[in-house]
Every structure is written in C-alpha cells, then in structure tokens.
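Visitor: Here you go, one structure.
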Amino acid sequence: MKGITLQLIKLELLQLIRDKGFVGLMLLLFVLMLLAVFNTYQYQDSKKEEVIRQQEIVQQADVRLIAQIDSLNQGLASYENSYTLPTNGVRLTYNNHRITWLPFEPLSIIANGQGDIYSNYKKIVLYFNDSYEMTTQELISPLEQLFGQLDLSFIWVYILPLIIILVSFNILSQEKEAGRLSLIASQPLKLTHWILGRLTIRFLVINSCILFFTAVLLSAFQVSLYRNVEAFAQLMVILILYSTFWFLLSFIINLLGYSSGKSLILLTNIWVLFMFLIPTAINQIGEEINPVSSRLEVINHHQAVYNEMENKLKEELIRLFETHREWSSDDPVTKDMSNSTGWNINYLAKQYIAQIKHQPVTEAYEQQIDARNEWLRQFKILSPAMIMQESLADIAGTSTRYYRSFLKQAIEYAQEYRWYVFKGLFTNHSFTSDEIRSLSVFNFEKERVASSFFLDIGTLLIYLFILIVGCLILINKNFDY
C-alpha cells in the first residue's frame, strides 16, 4: 500500500509538471499576483507620500508661526493690529491646521479594502466644514465597493477558487470518460483514496506556489516577513483554510459521479453563489432592514440649523458661555465685532452652536451606517468569500472597521483640539512658542479595533467540517471499493 501511494504521488507530480495547462495556470497566478502587488504598492505609496506631504505642511506652518512669535518677543517684528499678531488664536484657527492619519499596517499591500473609498488622512480645522467634521461622505456599504483597485485580496478571493475548480473538477470523470476507471479500480487502492490523494497533491502544490509567490513578492516590495511573522502566519492560515474549502467542494462533486461538463457547471454555479448572489442578497436585505438617510438631507438640516442662529445668536451665546465658562472673557477685544478676533469668535461660536444642535441628526446618520455595516459583518458567515475578504482586509488594516474607527478617533481628537484653541481664542490668550510646540499630535489606537481573525477561522473550520461530513456520507453511500 505504501509503495502504491508513493508511486501515485510521483505519477501525479510528474503529470502536473508535464501538464502545460496546469503550469500555465500557475504562471498566470504568479503574473496576476505580481500585477496586483505592483498596482497596490504604487497606489498605497502615493497615499503614503500624500500623508507625509500633509504632515510636512503642518510642521512647516508651525515652524513659521514659532519663528514669528519668537521674532515678536525679541522685538524684531511689529504688527499694526492685535488680531494680526502670531500669538492670536486666529492663526491656529485658519493657518495652522492639524492632521490625523491612519498608519499603514505592515501587510497593507495585500488588500486595498476600503482604501478605495476612504482617505488615509483628515485635516483638522477649527471652522466647520466637511474636512473638519469627517463624517461619512463616502459610500455607506462595503459591498458597493465590490471591484476597486486590483490587489492580492481580489486574486485570492475570486480568482484562486476558479483555478482550483479548473484543476480538480474532472479528476474522476476524466478517467471514466477515457475508459481508464476500471483499470484504476482494479488496483489495490480504494477509489476514494485515489481521488483524495490526487486532490491532496494538487492542494499541496498550489498552496506551496502561493506561499512561495507571496513570500517572494512581499519581500521584493519591501515587506519584512521576519519582523511580521505573526501577521504572515495568519495570512497563510486563512489562505490554506479557504483553498481547502474549495478543494473539498471539488472532492464532493467528484464523488457525485457527474460528467466533466456537469461537474464544471455545478462548481462554477456554486462559485457565483458565494461570490455574488449571497453577498448581493445580504446587501439588499440590509438596505431594507437598515435604511440610511440621504447624505443631502443631513447637509440640508445642518444648513437650516445654522441659518436659525442668525435670528437668536445673542441668546445662544449666553447659553454657550454658561456651558463653557472657561471660554467667557471680559476682554474688550473679544466683544469688538470690528476686529478679526471678535468677528471670528462670533463666527466660530455660531458654527459651534449650530453643530451641537445638528449633532443628534449626525449621530443618527452614523449609527445607521454602523448598523448597516454590522449587518454585513454578522451575515458574512453565509459566504466563505465574504469571510475571506473581510479577514484579509483586517490583516491589511484596510477594513471598514479600521477606517470607521479612524474617523471616530479623528473626531475625538478634533473636539479636544478645538476646545483647547477656543479657550485661548475666546479669552484673547497670547499663545507662546512653547505652546505651539506642545500642541497635541494624533495617534491612532489600533487596539480599539477588535480582531476577527479567530472568529473567521472558526467559521471556515465549521464549513470544512460540514464538507468533510458530506464527503463521508457520499463515500459510504456510493463507494464500497
């Protein structure tokens, strides 16, 4: 038995090496992975350069402001009006914005994820606009971004199953149609073991190629596998489980004994089901159960609230300073609407009050988006493709949860920064160069995004268990040899 098994392995490997179709598929897989990595590298590199450029803009603006403050303190510069002084909070309001950014993970190159939709940085300015508020302007559903930039995630989720189907759908039917099945059945080896053995060899060859291709390409594009062993191991585990699912599915179809054409049609139909039909159905049902208001309605509501401030601004300002007593000041400059400081206090206060009144609508809108995304996450278990796609995006740090967490953390940072500057501006505080140097810097807290890796592999293992049970049932029912 052992000798026959070794002979089977040698013959199968020899057959695969001589099979131009199989070799061509492996070369195609490598070329596609190369193009995907190259495309993602260029795309993400441009985003990294933009983040660095924005950071340099902030740094250079701060350096200029510090130099102007130092020059003023040394008597080397003078200003005609108090509101044009570099120590005035107006400068921080308009000229010296902050920036928040989502750092790229070491394996971000494997999946663009929601990077096709969301920006990796946000400007923090103190007057209210879309760049400050950072609420969702983009597509509300991850599935509306089904096809974006070509990346490894797309190759592995969509193309890899097709390759597996092409190399495994007719292992039994081909021999039956060629008239060799009787000869094979006469050998001292169970037919099911023979089928499983051939599929296992192809499984090992394909996964070895993927491991080798991935390691080579990531290393070639400056990803250190040595420093990111854990993340790379997670990637390989999820890839192996996903490919195992498709090989077991092919094994079941082979056990059914259909013709080659019927087996291929059945497997491709299952591929379409998991790749498109189930995700689309989940998305459509999610839209009905968790409807999201129009973004235009939210914007119009904000504008309407802001317009109302024109008629009752004095009363609202009194309430504002009662809430934020540390912002209240008796300095005449802050009361004089003819100068820039007084005008800006009035303008920013009006925007702030309008935003507070508009906040319940904004929060409800964001909660609707989160509810929609949560619906998709809960029901992704119905499709291994959705599990795989989300898991790869999590490993890459480009999933919806990462970007949503980044937006929320950026809003929190903006709120803290705004209150700090408002206090100085509203009280006509003179900012020092040391205060400018010590302005808070945004840091993304990755630990606030819970990992779904173990849940994903657990769900895939359940799928594999179900398929294994199905294989055993078919073997006992249809094969006695």
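The values are calculated or read from the model by the stated rules, or taken from the named source; none is laboratory data. Small disclaimer: the values here were computed from a predicted structure and weren't measured. As a convention, Cβ positions derive from the backbone with ideal geometry for all residues, glycine included, and neighbour counts pool all protein chains shown.
Visitor: Among the residues of the stretch 441-469, what is the count of those that are in contact (Cβ under 8 Å) with a residue 60 or more places away in the chain and either farther than 30 Å from residue 397 by Cα or over 24 Å from the mean Cα position of the chain (by Cα) (or both)?
Guide: 4
Visitor: Do we have any residue at all in the stretch 152-166 that's buried (at least 17 other Cβ atoms within 10 Å of the Cβ), assigned to a helix (DSSP H, G or I), among the small types (Gly, Ala, Ser) and at pLDDT 65 or above?
Guide: The answer is yes, given that some residue of the stretch 152-166 is buried (at least 17 other Cβ atoms within 10 Å of the Cβ), assigned to a helix (DSSP H, G or I), among the small types (Gly, Ala, Ser) and at pLDDT 65 or above.
Visitor: Report every pair of residues separated by at least 6 positions or lying on different chains whose Cβ atoms are under 8 Å apart, first residue within the stretch 105-116 and without any contact (Cβ under 8 Å) to a residue 12 or more places away in the chain, second surrounded by 24 or more Cβ atoms within 10 Å (Cβ to Cβ) and in a loop (DSSP other than H, G, I, E, B).
Guide: none
Visitor: Given 118, 43, which one is within 30 Å of residue 448 (Cα to Cα), crowded, with 19+ Cβ neighbours inside 10 Å and aromatic (Phe, Trp, Tyr)?
Guide: Residue meeting the stated conditions: 118.
Visitor: Oh, and also: Do we have any residue at all in the stretch 272-281 that's under 30 Å from residue 383 (Cβ atoms), of a type in the set (S, T, N, Q) and out of contact with any Cys (no Cβ under 6 Å at 6 or more places or on another chain)? Spell out the reasoning first.
Guide: The initial filter retains those residues of the stretch 272-281 that are under 30 Å from residue 383 (Cβ atoms), namely 272-281.
Right, trim to of a type in the set (S, T, N, Q) and you get 280.
Subsequent filtering for residues that are out of contact with any Cys (no Cβ under 6 Å at 6 or more places or on another chain) retains 280.
Scanning the stretch 272-281, I find at least one residue that is under 30 Å from residue 383 (Cβ atoms), of a type in the set (S, T, N, Q) and out of contact with any Cys (no Cβ under 6 Å at 6 or more places or on another chain), so the answer is yes.
Visitor: Confirm whether residue 72 is modelled with pLDDT of 80 or more, over 30 Å from residue 227 (Cβ atoms) and buried (at least 22 other Cβ atoms within 10 Å of the Cβ).
Guide: Values: modelled with pLDDT of 80 or more: yes; over 30 Å from residue 227 (Cβ atoms): yes; buried (at least 22 other Cβ atoms within 10 Å of the Cβ): no.
Taking the combined requirement at face value, the residue does not satisfy it.
Visitor: Can you tell which of 212, 247 is crowded, with 16+ Cβ neighbours inside 10 Å, of a type outside the set (A, V, I, L, M) and in a helix (DSSP H, G or I)?
Guide: Working: 212 fails: crowded, with 16+ Cβ neighbours inside 10 Å.
Going through 212, 247 in turn, the sole match is 247.
Visitor: When you check residue 289 against the structure, is it within 33 Å of the chain's Cα centre (by Cα), surrounded by 13 or more Cβ atoms within 10 Å (Cβ to Cβ), β-branched (Val, Ile, Thr) and more than 30 Å from residue 84 (Cα to Cα), yes or no?
Guide: Working: within 33 Å of the chain's Cα centre (by Cα): yes; surrounded by 13 or more Cβ atoms within 10 Å (Cβ to Cβ): no; β-branched (Val, Ile, Thr): yes; more than 30 Å from residue 84 (Cα to Cα): yes.
Taking the combined requirement at face value, the residue does not satisfy it.
Visitor: Which residue pairs have Cβ atoms under 9 Å apart, sit 6 or more places apart or on different chains, and have a first residue in the stretch 367-378 that is within 12 Å of residue 293 (Cβ to Cβ) and a second that is surrounded by fewer than 19 Cβ atoms within 10 Å (Cβ to Cβ) and charged (D, E, K, R)?
Guide: As it stands, the answer is 369/404; 372/287, since those pairs meet every condition given.
Visitor: Would you mind telling me which numbered condition in (1) among the aliphatic types (A, V, I, L, M); (2) at pLDDT 85 or above; (3) over 20 Å from residue 470 (Cβ atoms) residue 318 fails?
Guide: Checking residue 318 against (1) among the aliphatic types (A, V, I, L, M); (2) at pLDDT 85 or above; (3) over 20 Å from residue 470 (Cβ atoms), the one that fails is (2).
Yes or no, residue by residue, for (1) under 26 Å from the mean Cα position of the chain (by Cα); (2) in a loop (DSSP other than H, G, I, E, B); (3) at pLDDT below 80:
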| site | (1), (2), (3) |
| --- | --- |
| 3 | no, no, yes |
| 22 | no, no, no |
| 28 | no, no, no |
| 48 | yes, no, no |
| 65 | no, no, no |
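Visitor: Within the stretch 105-126, which residues are farther than 23 Å from residue 210 by Cβ and among the hydrophobic types (A, V, I, L, M, F, W, C)?
Guide: Residues satisfying the conditions are 117, 124, 125, 126.
Visitor: Additional query: Quick one: is residue 430 touching a residue at least 40 places away in the same chain (Cβ under 8 Å) and within 28 Å of residue 235 (Cβ to Cβ)? Let's see the steps before the verdict.
Guide: Numbers: touching a residue at least 40 places away in the same chain (Cβ under 8 Å): yes; within 28 Å of residue 235 (Cβ to Cβ): no.
The answer is no for residue 430.
Visitor: Could you give every pair whose Cβ atoms fall below 6 Å, whose first residue belongs to the stretch 49-75 and is of a type in the set (Asp, Glu), and whose second residue is assigned to a helix (DSSP H, G or I), counting only separations of at least 6 or pairs across chains?
Guide: The qualifying pairs are 62/436; 70/433.
Visitor: If you take the residues in the stretch 85-121 that are among the hydroxyl-bearing types (Ser, Thr, Tyr) and in a helix (DSSP H, G or I), which one is nearest to the chain's Cα centre (by Cα)? Walk me through how you get there before you give the answer.
Guide: Quick first cut of the stretch 85-121, residues among the hydroxyl-bearing types (Ser, Thr, Tyr) only: 87, 93-94, 100, 108, 118-119, 121.
With the extra rule that they be in a helix (DSSP H, G or I), the set shrinks to 93-94, 108.
Working: 93: 32, 94: 32, 108: 9 Å.
Ranking the candidates gives 108 first.
Visitor: Do any helices (runs of 4 or more DSSP H) entirely within the stretch 331-432 hold 2 or more residues that are touching a Leu at 6+ places or on another chain (Cβ under 7 Å), surrounded by 21 or more Cβ atoms within 10 Å (Cβ to Cβ) and at pLDDT below 85, and if so, which?
Guide: Details: elements: 332-335, 340-379, 384-396, 400-426.
It comes to 340-379.
Visitor: Looking at residue 292 and the list (1) assigned to a helix (DSSP H, G or I); (2) touching a helix residue (DSSP H, G or I) at 6+ places or on another chain (Cβ under 9 Å), which single condition is not satisfied?
Guide: In the conditions (1) assigned to a helix (DSSP H, G or I); (2) touching a helix residue (DSSP H, G or I) at 6+ places or on another chain (Cβ under 9 Å), residue 292 misses (1) alone.
Visitor: Scan 36, 61, 77 and give me the residue that is assigned to a loop (DSSP other than H, G, I, E, B) and either in contact with a strand residue (DSSP E or B) (Cβ under 9 Å, 6 or more places away or on another chain) or among the aliphatic types (A, V, I, L, M) (or both). I'd like the intermediate steps shown before the answer.
Guide: Numbers: 36 fails: assigned to a loop (DSSP other than H, G, I, E, B); 61 fails: assigned to a loop (DSSP other than H, G, I, E, B).
That would be 77, the only listed residue that is assigned to a loop (DSSP other than H, G, I, E, B) and either in contact with a strand residue (DSSP E or B) (Cβ under 9 Å, 6 or more places away or on another chain) or among the aliphatic types (A, V, I, L, M) (or both).
Visitor: If you don't mind, another one. Checking residue 300 against (1) more than 21 Å from residue 168 (Cβ to Cβ); (2) within 26 Å of the chain's Cα centre (by Cα); (3) in a helix (DSSP H, G or I); (4) polar (S, T, N, Q), which single condition isn't satisfied?
Guide: Of the numbered conditions (1) more than 21 Å from residue 168 (Cβ to Cβ); (2) within 26 Å of the chain's Cα centre (by Cα); (3) in a helix (DSSP H, G or I); (4) polar (S, T, N, Q), the odd one out for residue 300 is (2).
Visitor: When the stretch 102-151 is examined, which residues are found to be at pLDDT below 80 and in contact with a strand residue (DSSP E or B) (Cβ under 7 Å, 6 or more places away or on another chain)?
Guide: Matches in the stretch 102-151: 131, 132, 134.
Visitor: State all residues of the stretch 220-241 that are out of contact with any Leu (no Cβ under 7 Å at 6 or more places or on another chain) and among the aromatic types (Phe, Trp, Tyr); if no residue qualifies, say none.
Guide: Hits for the stretch 220-241 are 221, 226.
Visitor: Go through (1) surrounded by 19 or more Cβ atoms within 10 Å (Cβ to Cβ); (2) over 19 Å from residue 155 (Cβ atoms) for residue 49 and report which single condition fails.
Guide: All conditions pass for residue 49, except number (1).
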